[in-house]
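The values are calculated or read from the model by the stated rules, or taken from the named source; none is laboratory data. Every value quoted in this text rests on a predicted model; they were computed, and no experiment measured them. All Cβ positions, even for glycine, are placed from backbone atoms using ideal geometry, and neighbour counts span all protein chains on display. Heads up: the accessible areas ignore ligands, DNA and RNA and are worked out on the full protein's heavy atoms, side chains in. Shrake-Rupley method; radii C 1.70, N 1.55, O 1.52, S 1.80 Å.
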Amino acid sequence: MRISEQAKQLCRARILDKAAELFAARGFDQTTTRDIALAAGVAAGTMFNYFPSKETMAMTMVNEALARGREEFLTRLDGSESLEEELFLLIGTELRRLRPLRPFLGPVLERSLSPFPRKSVCPEGETARQEHLECVRQIMLRHGFAATPEDVAATIYWSLYLGILASWTGDQSENQESSRALIDYAIRTFVQMISGVTQGGDHDC
Amino acid sequence: MTAETRRKRGIEDRAALLDLMPRQEEAARRRLAELVESVAARRPPTTSFSRLWILGSLQAKVTCAYLAYWLRSRWADADERERLKSETHLKAALELLGTMGYLRGAVMKLGQMLATFPDALPDEFARLLPALHFEAPPMHYAMVREVFLDEFGKEPHELFASFEREAFAAASLGQVHRARLHSGELVAVKIQYPGIASTIEADLKNLRLLMQPMRLGEDWGNVVAKLAEVERVLLAETDYLAEASFAQTVRDSFVPEEGIVIPRVYPEFSSRRVLTTEHLEGVHLEELLDSAPSQELRDRYTHLMTVATMRMLYRTHWLLADPNPGNYIFMPDGRLGLVDFGCTRQLTDEEWQLQVEVEEALLRRDEAEMERLIVKSSLYESAEEMGRERLELIGRVIRWQLEPWLTEGTFDFGDEDFFRRGMDAMVEVTRKGFMRGMPVHIWTTRFVLGARGVVYRLKGRCDFQEIYRRESGRDGGEMSATMAARNETSPPPEGEG
């Protein structure tokens, strides 16, 4: 018997829901794929048809949240924002969507988004990177930054962004407000860098 | 800038700096100039905030040199080896200063005051005094929106009928935006920069580190207590709900006919990080002065400022510890608006008692008792232990602070001689490093200095004693009916300093 597409989607969603619950309750590392299959009421073999690993599950949740955040970000723009403001809104809106997953994100992001060379690259992590950077590229285009060497700017940006994610995931302050100041600072730094503004310590006070 | 022009400019700056430095022995001056130059020439890791690194301009360097000079005087009698060691600390201290996020502005202004005195005109000095407050970085509208989502789960334009994207005023911990409620009222919305509390904590930690190697000797314990006091009050300021409740208490102690307006708080649009209050129409001090107000108006505002301060002090034992001129709104109909009650300090019973005793001794003109109290509030056991010079100088400051209490009739706060005498004594105390005292005196001093700076510039006069007698309940049974009803058990009188 063939399962309908709708039933597949429901099953997939149920697995993700249960996985999220377990990750949040026990922590990512303490949750096994067996636990998730059991909670979702599916056979382990079936589950692997949907998700080859729990990293994939977690990063799928992350990507879905980020994508929703980016959609929402576009609706929040009114065209009057500066480059700094747009980038700030993008990151802010994405992180707000990511917030429910925050309790277990640390090890997930560390494994899936690590910028260092690895044996196996997590495809969902790569998707997260490319989709976010594409959105940033569009924003920069809107603000006339087409001339900046893209790979350099993207690498610098991505390093700052990973720093923000790392800080935000472990941020103990209320509403992660310490990270908000960091985002502000990091974006200003980035924009100043790609604007080619060179300021020494000896003027512009 | 080419390397050559940079080099030339460096030499010119050094010469100008040397010229402006304190007059002391040539070698020491030169070393200090080199020290400041070497710190200022260092490039900061990033310059994304325009205020991040402010040691670059000549004025900032002069300021730094004075701060350094002042710090150095702490070990002026040390031998050469000690002196070299201390200069290493000094250099570290100046570098640390550049990394401070929140306190740097205030520290730099302190240096500027030390640097410009006594050559500065009293008016310039009066301008600087109230500027001794702290600054948070500016926020763009995107950040404001995110703060609102965190605090209310809504965007500003959803919460309000309209909301101005640009702030119209800076607040000590953030900024203020104009908005209109759906019910039509114009409001002022104060928004706190996210994470400012941790910046304050980090700055204070740096200050402790910075001061530890100095030879503060017996005063070190006192310095630590004062830094803890500063941290406590500044952190308390980050809770806007506490401020809202205090503003309400203050509001309740005035009746509309008195001409003093405390804006109403809108709790439904307020949180720990956002405070929405009634917007008061009016101008700030600069704008008022530009309009060349009549003497009558100047006197009226001085009268109202004195009444407001006294009322708070005598009724609630609270001090406004942030006498920022931006906190006074001069309203078009001659009323005075008071805004921003974030930085306040309530006196403890013990502190209040001491103030009462000082004031009584002063009014009795009991010099022996005054001396005893000055020694006590400076945390010494006896006049001998305190030393004559210190006793005389601290006494001069306290007597200046209390001078209006002893003056019958109209007191002229715009009198240049009066103002200069006070500043003279204050700067002398600072330069000598006579800083030991009760932690609460940080706020009383800051308050008196700030407020006197404002009324000096206003060139205002008022019948201080009459206001004092009425507000303290010392007018021998002639206390007004409202006052009597408001406060049946009148607290004992007190002095500012």
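What are the residues of the range B:173-207 that lose 20 Å² or more of accessible area, with a 1.4 Å probe, going from their chain alone to all protein chains? The answer is B:Y193, B:P194, B:G195 - residues whose exposure falls by at least 20 Å² when every protein chain is included.
Distance between the pseudo-spin-label points of A:E126 and A:D151 (7 Å out from Cα toward the beta carbon): 1.7 nm. The range B:247-270 and the range B:339-360 have Cα centres lying 21 Å from one another. Inter-label distance, B:K154 to A:E72: 1.7 nm, where each label sits 7 Å from its Cα along the C-beta direction.
Computed over protein heavy atoms with a 1.4 Å probe, the accessible surface of the range B:333-461 works out to 40 Å² per residue.
Note that the range B:223-331 presents 38 Å² accessible area per residue, ligands and nucleic acids not counted, probe 1.4 Å. Here the accessible area is traced with a 1.4 Å probe on the protein chains. For the range B:360-459, carbon and sulfur cover 50 percent of it. Counting trypsin sites (Lys or Arg not before Pro) as exposed when in a DSSP loop with at most 13 other beta carbons within 10 Å, what is the longest stretch of chain A free of them? No qualifying site falls inside A:3-117, the longest such stretch. Stretching B:F168 away from B:S382 to a fully extended chain increases their span by 71.9 nm, per 0.36 nm per residue minus the current alpha-carbon distance. Label reach from B:E281 (point 7 Å along Cα→C-beta): in the range B:154-189, amide nitrogens under 17 Å belong to B:178-181, B:184-188.
Round to the nearest 0.05 the FRET efficiency obtained for A:W158 and B:V224 when R0 = 41 Å and r is the Cβ-Cβ distance. Intermediate results must be reported in sequence, preceding the final value.
On the way: r = 44 Å, r/R0 = 1.07.
Efficiency, rounded to the nearest 0.05: 0.40.
Taking other residues whose beta carbon is less than 11 angstrom from the beta carbon of B:A167, and scoring Lys, Arg as +1 and Asp, Glu as -1, yields +1. Under 5 Å from the amide H of B:A169 lie the amide H atoms of B:V176, each residue being 5 or more positions distant or on a separate chain, with H modelled from the backbone and absent for Pro and chain starts. Solvent-accessible area per residue in the range A:1-143 equals 53 Å², computed with a 1.4 angstrom probe and all protein chains kept. Taking both sides together, the accessible area buried where A meets B is about 2800 Å² for a 1.4 Å probe.
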